[in-house]
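Colleague: Sharing a structure with you now.
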């Protein structure tokens, strides 16, 4: 069975899958459990029911990251490509 563990504010803390007889072992103090599946990013629990969060609530909980300028973005290159760059730099330094 699938269960949702949440707190007093309705925030989904975790989702679990276990047999019904073990569900009471999954909750800690000040936590509640209901049967079902939910997405903690886009949903919350209100009065024991799964409710979709507003776009504003989603943004507060998971803010959109600041864009990284192109010059600061990481580049995926192979070790072979990196060694070729280092080799070219060595050749440039040797010509001085």
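Colleague: From (1) surrounded by 10 or more Cβ atoms within 10 Å (Cβ to Cβ); (2) out of contact with any helix residue (DSSP H, G or I) (no Cβ under 9 Å at 6 or more places or on another chain), pick out the condition that doesn't hold for residue 77.
Modeller: Going through (1) surrounded by 10 or more Cβ atoms within 10 Å (Cβ to Cβ); (2) out of contact with any helix residue (DSSP H, G or I) (no Cβ under 9 Å at 6 or more places or on another chain) one by one, residue 77 breaks only (2).
Colleague: Tell me whether region 25-33 contains one or more residues that are touching a residue at least 24 places away in the same chain (Cβ under 8 Å), part of a strand (DSSP E or B) and touching a helix residue (DSSP H, G or I) at 6+ places or on another chain (Cβ under 6 Å). Please lay out each step first, then the result.
Modeller: Step one: of region 25-33, the residues touching a residue at least 24 places away in the same chain (Cβ under 8 Å) are 31-33.
This time we only want the ones that are part of a strand (DSSP E or B), so: 32-33.
Now drop any that are not touching a helix residue (DSSP H, G or I) at 6+ places or on another chain (Cβ under 6 Å), which leaves 33.
Yes, some residue in region 25-33 is touching a residue at least 24 places away in the same chain (Cβ under 8 Å), part of a strand (DSSP E or B) and touching a helix residue (DSSP H, G or I) at 6+ places or on another chain (Cβ under 6 Å).
Colleague: Somewhere in region 59-71, is a residue assigned to a helix (DSSP H, G or I), modelled with pLDDT under 95 and surrounded by 12 or more Cβ atoms within 10 Å (Cβ to Cβ)?
Modeller: Yes, region 59-71 contains a residue that is assigned to a helix (DSSP H, G or I), modelled with pLDDT under 95 and surrounded by 12 or more Cβ atoms within 10 Å (Cβ to Cβ).
Here's the yes/no breakdown for (1) surrounded by 13 or more Cβ atoms within 10 Å (Cβ to Cβ); (2) in contact with a strand residue (DSSP E or B) (Cβ under 9 Å, 6 or more places away or on another chain); (3) more than 23 Å from residue 60 (Cα to Cα):
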{"site": "8", "(1), (2), (3)": "no, yes, no"}
{"site": "27", "(1), (2), (3)": "yes, yes, yes"}
{"site": "34", "(1), (2), (3)": "yes, yes, yes"}
{"site": "44", "(1), (2), (3)": "yes, yes, no"}
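The values are calculated or read from the model by the stated rules, or taken from the named source; none is laboratory data. Keep in mind that what you see is a predicted model, and the values were worked out from it rather than measured. Heads up, the Cβs are rebuilt from the backbone with ideal geometry, glycines too, and the neighbour counts pull from every protein chain shown.
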